[in-house]
Structure formats: structure tokens, C-alpha cells
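The values are calculated or read from the model by the stated rules, or taken from the named source; none is laboratory data. The shown structure was predicted, so the numbers you read here are calculated from the model rather than taken from an experiment. Ideal geometry is used to build each Cβ from the backbone, glycine not excepted, and the neighbour counts take in all protein chains shown.
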Amino acid sequence: MDLPSFLWLWRIAAWSMGLTFCTYGLLAITGLGIRGLRQGEPPRSRPAWLRPLHLGLGLSLVGLVVLLLTIGIVGTLGEYGSLGHSWHLGAGLLVVSLVLASAVTGLRHTQTIAGRNRHLQVNGALLVALLLVLGTGWVVVQKYLP
Ligand code: HEM
Ligand code: HEM
């Protein structure tokens with residue numbers, strides 16, 4: 001794959017990454033909204049749209065991260081014919097695992113206090129991993145810039 005064709009691929013990656021951070025922020029707001037309403041004194045009923053919104057945003061986050069993984073793997077295979085050229089690979093796989101763990105903890109374990117805390121811990125780790133993948137991605141992208 002020649003350089004210009006790789007450049008448009010990584011432009012999509014940069015935009016998707018921006019969307020990923022926006023989606024993460026909206027998930028944090030809606031998630032903390034759910035938590036705040038439940039923990040309020042007295043507990044208030046939450047609007048019917050809040051949970052579906054959080055779920056829809058969560059689904060989008062999973063989709064975006066899988067898209068970024070695909071772009072990264074396809075682009076790297078096209079360029080080198082092999083994977084594993086930097087720490088970016090590890091950071092990328094970490095992000096994908098944590099997003100899936102977040103979806104599983106969110107969908108199956110939020111009925112108990114321990115489960116809800118697990119969902120929050122996974123999402124804290126996910127934020128760190130997202131910053132790692134951004135940092136390592138930024139470093140590898142430098143060698144393709146004109
Ligand atoms: C990756 C996909 C995700 C899915 C499928 C998901 C799903 C869920 C579900 C089903 C709940 C329980 C809602 C209820 O009580 O009815 C929940 C709660 C919550 N989620 Fe998520 N979530 C995801 C990602 C995230 C992310 C990235 C964050 C934070 C940045 C987040 C923060 C929260 C918070 C703060 C709560 C409230 C916990 C509580 O009630 O104490 N979620 N999530
Ligand atoms: C969730 C976000 C992301 C995931 C899951 C992801 C995943 C991957 C993976 C698995 C690879 C193959 C790495 C290898 O085998 O060495 C890759 C390559 C690459 N990614 Fe990402 N990536 C993400 C975000 C980004 C961002 C934000 C950038 C740019 C700032 C970026 C730029 C690149 C570049 C330039 C390569 C080619 C690697 C090289 O030349 O060594 N990625 N990505």
C-alpha cells in the first residue's frame with residue numbers, strides 16, 4: 001500500500017478516535033445521571049429514555065473501537081504485511097478487551113452494588129487505555145506525515 005492511500009485511512013482513524021472520546025464522555029454523563037438519580041435522597045425515578053440512550057451510546061462505542069481495530073490491522077498489514085511494529089498493538093488490543101468488558105459488566109452485572117462498581121472500575125481503566133492508544137498512535141503516525 002502506498003503512502004497517500006495509507007494517509008486517508010489514518011484520517012478516518014483520527015476522526016473515529018475523536019468520536020470515540022465524545023461517545024465516552026456522553027456515556028460518563030448518562031451513566032453518572034443514572035447513578036445520581038438512583039442514589040438521590042429520596043431516590044427519584046429516572047426518565048424512560050436514559051437507559052436506552054446509555055445502551056445506544058455503549059453500542060456505538062463498541063462499534064467505533066472495532067472499526068478502529070479493523071483500520072489499524074488492515075492498514076498495518078497493507079503497509080508491512082505483518083503486525084506488531086510498536087506498543088500501539090498492545091494498547092489497541094487492551095482497549096478492545098476493556099470495551100467488551102465494559103459492555104458485559106454493564107449488561108449483565110449492574111443489578112448489584114458490586115457489579116455496578118465493577119462496571120465503573122472497568123470504565124476507569126478504559127479511559128487510561130484510550131489515552132494510551134491515542135499516545136502510541138500519535139507516535140506511529142509521525143512517520144507517515146509529510
Ligand atoms: C461499553 C458499553 C456500555 C454498556 C453496554 C453499558 C451499560 C450499562 C447498563 C445496562 C447500566 C445499568 C443501567 C441501570 O441501572 O439500569 C449502566 C450503568 C452505568 N454505566 Fe454503563 N455501559 C457502557 C459503557 C459505559 C461507560 C464507557 C461509562 C463511563 C464512562 C459508563 C458508566 C456507567 C455508570 C456511571 C453507570 C451507573 C452505575 C450505577 O448505577 O451506579 N458506562 N451501564
Ligand atoms: C481504539 C483505538 C485504536 C485501536 C484499537 C487501534 C488499533 C491498531 C492496531 C491493532 C494496529 C496494528 C499495530 C501493529 O500491528 O503494529 C494499529 C496500527 C496503527 N494505528 Fe491504530 N488503533 C487505534 C487508534 C489509533 C489512533 C488514534 C491513531 C493515530 C493517532 C492510530 C494510528 C495508527 C497507525 C499510524 C498505525 C500503523 C502502525 C505502524 O505503522 O506501526 N491508531 N492500530
Which residue out of 68, 77, 100, 89 is more than 10 Å from ligand 2 (Cβ to nearest atom), part of a helix (DSSP H, G or I) and either at positive phi or not basic (Lys, Arg) (or both)? 100
Which count do you get for residues in region 109-139 that are touching a Ser or Thr at 6+ places or on another chain (Cβ under 9 Å) and part of a loop (DSSP other than H, G, I, E, B)? 0
Of the residues 58, 63, only one is out of contact with any helix residue (DSSP H, G or I) (no Cβ under 9 Å at 6 or more places or on another chain) and within 11 Å of ligand 1 (Cβ to nearest atom); which? 63
Check on residue 30, loosely packed, with under 12 Cβ neighbours inside 10 Å and hydroxyl-bearing (Ser, Thr, Tyr): no
Within region 85-104, does at least one residue satisfy the condition of being modelled with pLDDT under 95 and among the β-branched types (Val, Ile, Thr)? no
Restricting region 103-113 to residues that are polar (S, T, N, Q) and within 20 Å of the chain's Cα centre (by Cα), the residue that is farthest from ligand 2 (Cβ to nearest atom): 110
Close pairs from region 102-123: first touching a residue at least 60 places away in the same chain (Cβ under 8 Å), partner within 16 Å of ligand 2 (Cβ to nearest atom) and in a helix (DSSP H, G or I), Cβ under 6 Å, at least 6 apart: 123/102
Take the conditions within 19 Å of residue 122 (Cα to Cα) and either outside any loop (DSSP other than H, G, I, E, B) or in contact with a Phe, Trp or Tyr (Cβ under 8 Å, 6 or more places away or on another chain) (or both) and apply them to residue 26. Does it pass? yes
